[in-house]
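Worksheet: one structure, shown below.
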Amino acid sequence: MSALYSVRGLVKRYGVKSVLEGIDFDLARGECLVVLGRSGTGKSVTLRHLIGLEQPTSGSILFESLEIVGRSERELQPVRRRVAMLFQGGALFDSMTVFDNLAFPFREHRVCPEAELAGRIAALLDKVHLPGTERRMPADLSGGMKKRVALARALALEPEVLLFDEPTTGLDPMTSASIASLILATQRSTGAAALVVTHDIALARRVADRIAFLDQGRFRFLGTFEEAEAAPDPLLADFLAGREEADDVA
Ligand SMILES: Nc1ncnc2c1ncn2[C@@H]1O[C@H](COP(=O)(O)OP(=O)(O)OP(=O)(O)O)[C@@H](O)[C@H]1O
Ligand SMILES: [Mg+2]
């Protein structure tokens with residue numbers, strides 16, 4: 001089966017600073033790929049490229065057969081309608097109610113008459129186990145609730161691909177586990193592909209079909225969790241064992 005995304009030779013430099021030095025991967029339909037890596041290795045930068053928020057220095061990103069690289073904002077609209085991104089930090093609009101946050105994608109893409117919004121939004125809030133919270137403001141929600149609202153917003157347009165940037169950062173282990181369950185349930189019920197960027201090994205173990213380990217601008221490893229654990233790579237082994245900051249501490 002053909003890949004939904006095919007990324008080849010992705011290089012990104014900011015001035016003289018090189019972040020990505022040649023990333024290659026495919027994302028298959030229905031697959032969950034988890035990108036692991038230390039802070040500052042370029043995980044968020046990689047995600048931003050997939051929806052055209054960054055232009056690479058070189059390389060190619062095919063979404064089905066469409067080249068994303070070099071497209072205008074207008075040409076990217078149909079891609080952004082099919083690919084949802086959950087930004088690092090949740091990124092709800094703080095001045096808007098939960099209702100208006102969830103209405104935003106519908107209104108932006110004009111896919112649903114205003115009269116139908118209430119029903120659509122209630123259904124989304126049910127999916128993330130937050131029924132009846134339409135009138136709340138983000139400031140009144142716990143971190144875990146905010147993530148769930150952000151997840152609901154990402155699901156609004158029934159995306160074929162979900163991009164998650166650190167969906168569990170800052171959450172306690174129980175809440176993280178419930179977010180992991182929601183990601184899995186969503187993926188299974190919708191058949192969407194997912195690309196999850198995280199430091200959270202427990203999350204990766206739970207949701208990943210494959211993991212990629214980003215280090216020094218490249219995927220140092222790409223394969224299943226079992227293959228990763230068997231790989232003869234001390235750096236990867238340290239990372240998987242939660243010893244990723246060992247170098248900095250020493
Ligand atoms: N617009 C930009 N201009 C210059 N440098 C940037 C820009 N965006 C990102 N960088 C640099 O690229 C590197 C990778 O950043 P990125 O945010 O992708 O890291 P990350 O792997 O997501 O880290 P974290 O786990 O902390 O979220 C960092 O050194 C960052 O400073
Ligand atoms: Mg990041």
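The values are calculated or read from the model by the stated rules, or taken from the named source; none is laboratory data. Note that this is a predicted model, so its numbers are computed, not measured. Cβ coordinates were reconstructed from backbone atoms using ideal geometry, including for glycine residues, and neighbour counts include every protein chain displayed.
Filtered by the rule that a residue be more than 13 Å from ligand 1 (Cβ to nearest atom) and surrounded by fewer than 21 Cβ atoms within 10 Å (Cβ to Cβ), the range 29-41 gives Arg29, Gly30, Glu31. Look at the range 123-138: where a residue is free of Cβ contacts under 8 Å to residues at least 40 places away in the same chain and of a type in the set (Ser, Thr, Tyr) and a partner is surrounded by 14 or more Cβ atoms within 10 Å (Cβ to Cβ) and part of a loop (DSSP other than H, G, I, E, B), sitting 6+ places away or on another chain with Cβ atoms under 8 Å, you get Thr133/Leu141.
Selection within the range 42-63: residues that are surrounded by 19 or more Cβ atoms within 10 Å (Cβ to Cβ) and more than 15 Å from ligand 1 (Cβ to nearest atom). The member of this set that is nearest to Lys12 (Cα to Cα) is Ile61. Every residue in the range 43-72 that is touching a residue at least 12 places away in the same chain (Cβ under 8 Å), farther than 15 Å from Val161 by Cα, out of contact with any strand residue (DSSP E or B) (no Cβ under 6 Å at 6 or more places or on another chain) and of a type in the set (D, E, K, R), please. Within the range 43-72, Glu54, Arg71 meet the criteria.
For the residues Val11, Val19, the requirement of being within 16 Å of ligand 2 (Cβ to nearest atom), of a type outside the set (Lys, Arg) and over 21 Å from Glu227 (Cβ atoms) singles out Val19.
Within the set Leu184, Leu235, the sole residue that is within 30 Å of Gly59 (Cα to Cα) and of a type outside the set (Phe, Trp, Tyr) turns out to be Leu235.
Of the strands (runs of 3 or more DSSP E) lying entirely inside the range 29-131, those carrying at least 2 residues that are at pLDDT 95 or above and within 16 Å of ligand 2 (Cβ to nearest atom) are 32-36. The set of residues from the range 1-23 being hydroxyl-bearing (Ser, Thr, Tyr), surrounded by 14 or more Cβ atoms within 10 Å (Cβ to Cβ) and in contact with an Asp or Glu (Cβ under 9 Å, 6 or more places away or on another chain) comprises Tyr5, Ser6.
Listed by first and then second residue, the pairs linking a residue in the range 161-186 that is more than 30 Å from Ser6 (Cβ to Cβ) to a residue that is among the polar types (S, T, N, Q), with Cβ atoms under 6 Å apart and 6 or more places separating them unless they lie on different chains, are Ser176/Thr168. Scanning the range 1-20 for residues that are under 21 Å from the mean Cα position of the chain (by Cα) and in a strand (DSSP E or B) yields Tyr5, Ser6, Val7, Arg8, Gly9, Leu10, Val11, Lys12, Val19, Leu20. Suppose we filter Asp94, Asp26, Asp100 for residues that are surrounded by fewer than 21 Cβ atoms within 10 Å (Cβ to Cβ) and either closer than 19 Å to Leu214 by Cα or touching a Ser or Thr at 6+ places or on another chain (Cβ under 6 Å) (or both); which single one remains? Of Asp94, Asp26, Asp100, the one residue that is surrounded by fewer than 21 Cβ atoms within 10 Å (Cβ to Cβ) and either closer than 19 Å to Leu214 by Cα or touching a Ser or Thr at 6+ places or on another chain (Cβ under 6 Å) (or both) is Asp26.
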